[in-house]
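Working notes for the structure below.
The values are calculated or read from the model by the stated rules, or taken from the named source; none is laboratory data. In this text the structure is predicted, and so the values were computed from the model without any measurement. Quick reminder, even Gly has a Cβ in these numbers, built from the backbone with ideal geometry, and neighbours come from all protein chains shown. Quick note on the areas: whole protein, heavy atoms, side chains included, nothing else; ligands and nucleic acids left out. Shrake-Rupley method; radii C 1.70, N 1.55, O 1.52, S 1.80 Å.
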Amino acid sequence: MRRLELSDGEIESIRSLITDVAAKHKSVESVEFLNNACLYAHELPRRVRSFLNEFRLKEPKSGFCIISGYPLDLSAVGVTPTHWKWREDAQNSLHVQIFLILNGILLGDLLGWATQQDGYLVHDVFPIKGNENEQLGTGSEQTLWWHTEDAFHPYCADYIGFFCLRNPDQVATTIGTVDVEKLDAAHVDTLFQPRFTIRPDESHQEKNESDLRKAQRPSQDQSSIKAAYEKIKMMNTNPEKVSVFFGSSAEPYLRLDPYFMDPLDDDPEAQQALNALIEHINANLTDLILQPGDSFFIDNYKAVHGRKQFRARYDGQDRWIKRISMTRDLRKSRPARASATARVIN
Ligand SMILES: [Fe+2]
């Protein structure tokens, strides 16, 4: 496993850097913070920068890495919220959010979605009442089927970053990778061909936009959000055929979300190849139990992730994770972003 344990000296240096940054910026969602975040990241301890740099460059087979030891003061952060829409912890968890972003930005530029969690860049993952049986990060009682993040979208992120604030019931995050040598060569060949469809997952559906965002949205933004949801609808009714594998045939990159992939009744060969891949990933799926203070980064091209089912507490102490997405090349999504520095895909 690739894990970096922060030393006392590194923790001290990180604490001082974050205090300094937090004095300048009241929100990680602000343009000023985002425009400067990569400069601040240069001031992280060299061992942290080297660890993430190596993860980015060498693309290890494990597909993930963890940075442990960040000193978390949960009494200052407060209880696990009941919904992400109020952003009620924005100030209390500011230091944690800054830490996550400074690490994440060493892997790539931050990326968000107009159609997901009201367009915020930092997402919350905790159980929400009423979502128990949904295929959402805010669900609980159903296994969250493993997937690559935002697999339905051509601009899906290269990396996902998580910061674990709470996990009292030791709920497992699942993670899986592919050993291409163990797959049938004909299946591999098929998986490299655009014969598969992936529909948008639940988190991008208009029904999951918050009532708060709807009520507070300035009228000039109405048409762009409407168009963004229209695009999601189009991708749902008329999904393009894509390949599941891309890149190198020796170490393929992945793009799949089986729960949202249609049965391939008219292409049994492709269905067989997909089934074989799903079976292979299922057989190698491992549980990872994030602990408070862990920063966890997944290479979204190399590994799938999911979550085991659990019983939510709804007592303010539930599992709580902050999540961000990073892209190596922000420019490729320029047609879908409002400006060169905008990070939100419409
Ligand atoms: Fe996910």
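Tabulated data for the structure shown
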item: Accessible-area composition of region 1-157, carbon plus sulfur, in percent [1.4 Å probe]; result: 50 percent
item: Exposed-site-free run, longest, the chain (rule: GluC sites (Glu not before Pro); DSSP loop; at most 13 other C-beta within 10 Å); result: 1-140
item: Cut-off 16 Å (backbone N to label point 7 Å along Cα→Cβ of S27), residues of region 66-110; result: 84-95, 97-98
item: S249/N36 FRET efficiency (R0 35 Å; Cβ-Cβ; nearest 0.05); result: 0.30
item: Acute angle (nearest 10 degrees) that the helix 46-58 long axis makes with the longest principal axis of the chain, alpha-carbon atoms; result: 10 degrees
item: Region 309-323 - phi-based ³J(HN,Hα) in whole Hz, Karplus 6.51/-1.76/1.60, Gly and Pro as x; result: 6, 7, 9, 5, 8, 6, 10, x, 10, 5, 3, 8, 10, 8, 10
item: Calculated [θ] (222 nm, deg cm²/dmol) that DSSP helices of n ≥ 4 give over the chain, each run adding -39,500 (n - 2.57); result: -9000 deg cm²/dmol
item: Interatomic Cα distance distribution for the chain, bins of 10 angstrom, percent; result: 5, 25, 35, 26, 8, 1, 0
item: T237-D265 pseudo-label distance in nm [points 7 Å out on the Cα-to-Cβ vector]; result: 2.0 nm
item: Using alpha-carbon coordinates, inclination of helix 222-237 to the longest axis of the chain, degrees; result: 30 degrees
item: Euclidean distance between Cα centres, region 132-198 to region 1-74, Å; result: 24 Å
item: Surface accessible to a 1.4 Å probe, per residue, for the residues of region 85-213, Å²; result: 33 Å²
item: Length-normalised contact order for the chain - Cα pairs under 8 Å, 6+ apart - percent; result: 31 percent
item: Region 1-118, relative contact order [Cα under 8 Å, separation at least 6], %; result: 42 percent
item: M234 accessible area, 1.4 Å probe, all protein chains in place, Å² to nearest 10; result: 110 Å²
item: Packing-based ranking, highest mean first, of 73-81, 109-117, 290-298 given that Cβ atoms within 10 Å are counted; result: 109-117, 290-298, 73-81
item: FRET efficiency, K207 to D169 (Cβ-Cβ, R0 45 Å, nearest 0.05); result: 0.95
item: Summed side-chain charge close to K85 - residues other than K85 whose Cβ falls under 15 Å, Lys, Arg +1, Asp, Glu -1; result: -2
item: When each of K24/K129; K61/K241; K58/K226 is checked by Cα-Cα distance, pairs over 31 Å; result: K24/K129; K58/K226
item: Acute angle (nearest 10 degrees) that the helix 31-41 long axis makes with the longest principal axis of the chain, alpha-carbon atoms; result: 90 degrees
item: Calculated P(r) of region 1-84 - Cα pairs past 21 Å, %; result: 45 percent
item: In region 1-95, the chymotrypsin sites (Phe, Trp or Tyr not before Pro) that fall in loop regions by DSSP, at most 15 other Cβ within 10 Å; result: W86
item: Region 1-80 - charge dipole about Cα centre, Lys and Arg +1 at Cβ, Asp and Glu -1, debye rounded to 20; result: 360 debye
item: Net charge, A283 excluded, C-beta distance under 15 Å - Lys, Arg +1, Asp, Glu -1; result: -4
item: FRET efficiency estimate (nearest 0.05) - Cβ-Cβ, R313 to E181, R0 56 angstrom; result: 0.85
item: Sum of side-chain charges, Q97 neighbourhood, beta-carbon under 12 Å (Lys, Arg +1; Asp, Glu -1); result: +1
item: For a label point 7 Å along the Cα-to-beta-carbon line of Q272, residues of region 165-194 with backbone N under 14 Å; result: 184-191
item: Ratio of the Cα radius of gyration of region 252-346 to 2.2 N^0.38 Å, where N counts its residues; result: 1.45
item: Potential extension, W145-L57 segment - 0.36 nm per residue separation minus Cα distance; result: 28.8 nm
item: Of the trypsin sites (Lys or Arg not before Pro) in region 247-327, those whose Cβ has at most 12 other Cβ within 10 Å and which sit in DSSP loop; result: R311
